[in-house]
Amino acid sequence: GSPNCNSSNSPLFKFIDPVSDNFRVFPEMGAVLAGNNNGVAWEKLPCTARNIDFNLIVRDNNGDWGRTDNDQMAVTVADTGPFAVTSPNGGESLTGGAAADISWSVNGTDAHCPNVDILISTDGGTTFFVLANGVANDGSESVTLPNTVTSDARILVRCDVSGGFRSQSTFFDTGDADFNITVGAGSCSDGIQNQGETGIDCGGPCESCDPTCSDGEQNQGETGIDCGGPCADCAPTCSDGIQNQGETGIDCGGPCAECCEIHTLTLVLDDYPGETTWQVTDATSTVIASGGPYNNANATVNETFCLVPGECYNFTIFDSYGDGICCGYGNGSYTVTNASNTSVASGGQFTTSETTEICPVVPNNDPCFENLTHNNGLKTIETGVADYESSTYIRTTNSTVIQNGAKVDYDASTYVELNNEFETQLGAEFDAFIDGCNNGDGGNN
């Protein structure tokens, strides 16, 4: 018979031409995005409780003796719904980077779908990424929109299932038409003259449009405010971009803060970048760097963070769905490299999270001391990784504590002497070697 959504036994769908996708949307996605769930012949959603029998047929590509196979699936349609996005539903103009209220009609679907996911497309429904995972199926949720200017934004709300949209059977709805996202709060890099600027991205709250050595801003290659670079030299500071005043590195060490080592995270995202976040925590569990979630599926993202040599940190990557970033839905991966481009953490196959300890080693620019004591280099409290080396002896002259988690080596040429105030806590690692200045472990204990 003819398709009839109100019938309990009429056909609703028929075969479509073969496609390379491993999923089928009922009705086809073009009809859904057109807000036309039941207006296309042979692509109709049921309007009443009923059973639907589907038949999947596959054929090989042998042009002479092609063979086919099939599989059947029964779907029971509950007497609930329709589940429908109601806002934004097309034509609205919302602000990027700001909160937006998403609403949908539950119509009893929470009985068998307690949680939903909220996704957004900025390209008219070609691709979607996650804004909120596993929120209550109660008909409303506030989310933060991406600060992406577009006239082709579309919201999709789906029943939350393991693996996400198109990984297994589920139901969803989108807004009936596209809406607009306008630029959010002005910035000094948005390419627009706004927020009191006197030119495009300059003047007012931004850098001067005509830099000089007396404009009160650090610009035009200056190493300080109105000094250095093309201007008169600056008095040495811990932010002048020059290694001076007894610093052991550029603007660090000596009278300045401890130097740190740049580490680079290279993150290859999977099909669902909105599920991926990461963070770096120090020994007190304080988050010192973080990133994500991301927007572009299968993109490569490079992030940097700075770690102090001699300290230990935890790098943790998270996947909100619990299936990692490889290899079921894309070939995602991550690698953290240090300043020497050596990998210190890597992976991709995990569940909810994966943590790796990173302990940057104190640089050995001039590692060999004579008669090394607390007066010329030894620390009284060790919290991270350290390698002390002497061409003669090493002797502790003050109290010394190697704290839990620290890794410390004493390398001397003649002897190592520890006084009775030397303590190695449980969980710490300490080694003493008679091997001279060899920049590393080894030798005789």
Checklist entry - Which label belongs to the value computed from this structure, given these candidates for Rg/Rh (Cα atoms, Kirkwood Rh): (i) 0.95; (ii) 1.13; (iii) 1.30? => result (ii)
Item to check | Placed amide H near Ala132: partners under 5 Å, 5+ positions off or other chain | outcome: Ile118
Next on the checklist: If the only charges are +1 at each Lys and Arg Cβ and -1 at each Asp and Glu Cβ, what is the size of the charge dipole of region 16-74 around the Cα centre, to the nearest 20 debye?
Outcome noted: 260 debye
Next on the checklist: If amide hydrogens are placed 1.01 Å from N in the peptide plane, which non-local residues have theirs closer than 5 Å to the one on Thr424?
Outcome noted: Ile402
Next on the checklist: Per-residue counts of other Cβ atoms within 10 Å, averaged by peptide: what ranking do you get for 48-58, 342-352, 106-116, highest first?
Outcome noted: 106-116, 342-352, 48-58
Item to check | Phi to ³J(HN,Hα) by Karplus 6.51 cos²θ - 1.76 cosθ + 1.60 over region 324-334, Hz, x for Gly, Pro | outcome: x, 10, 7, 9, x, 9, x, 9, x, 7, 9
Item to check | Selection from Val116, Phe315, Val32, by position along the positive dipole direction of the chain (Cβ) | outcome: Val32
Item to check | Percentage, to the nearest whole number, of Cα pairs in region 43-143 over 21 Å apart | outcome: 56 percent
Item to check | Ordering of 402-412, 117-127 by packing [mean C-beta count within 10 Å, highest first] | outcome: 402-412, 117-127
Item to check | Farthest positive-ward along the chain dipole, Cα basis, beta-carbon charges - from Ala99, Pro88, Ser142 | outcome: Pro88
Next on the checklist: At 1.4 Å probe size, with the rest of the protein present, what percent of the exposed accessible area of the chain is carbon and sulfur atoms?
Outcome noted: 46 percent
Checklist entry - Per residue, what accessible area does the chain have, given a 1.4 Å probe and all protein chains present, in Å²? => result 52 Å²
Next on the checklist: Tell me which of Cys359, Ala339, His374 sits at the most positive position along the dipole axis of region 299-445, charges placed on C-beta atoms (Lys, Arg +1; Asp, Glu -1).
Outcome noted: Ala339
Item to check | Taking the chain and dividing mean pair separation by its residue count, relative contact order in percent (alpha carbons under 8 Å, at least six apart) | outcome: 7 percent
Checklist entry - Taking the DSSP beta bridges in the chain as the whole, what percent of them are antiparallel, to the nearest 5? => result 75 percent
Item to check | Lys, Arg +1 and Asp, Glu -1 on Cβ, resulting dipole of the chain about Cα centre, debye, nearest 20 | outcome: 1900 debye
Checklist entry - So how do 70-76, 17-23, 289-295, 307-313 stack up, highest first, on mean other-Cβ count within 10 Å? => result 307-313, 289-295, 70-76, 17-23
Checklist outcome for this item: Filtered hits (lysines, Cα-Cα < 29 Å from Lys407, offset >= 8 within chain) -> Lys379
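The values are calculated or read from the model by the stated rules, or taken from the named source; none is laboratory data. Note that this is a predicted model, so its numbers are computed, not measured. Neighbour counts are summed over all protein chains in view; Cβ atoms, including those assigned to glycine, are modelled from backbone coordinates with ideal geometry. Just so you know, the surface numbers come from the protein's heavy atoms only, side chains and all, with ligands and any DNA or RNA stripped out. Shrake-Rupley method; radii C 1.70, N 1.55, O 1.52, S 1.80 Å.
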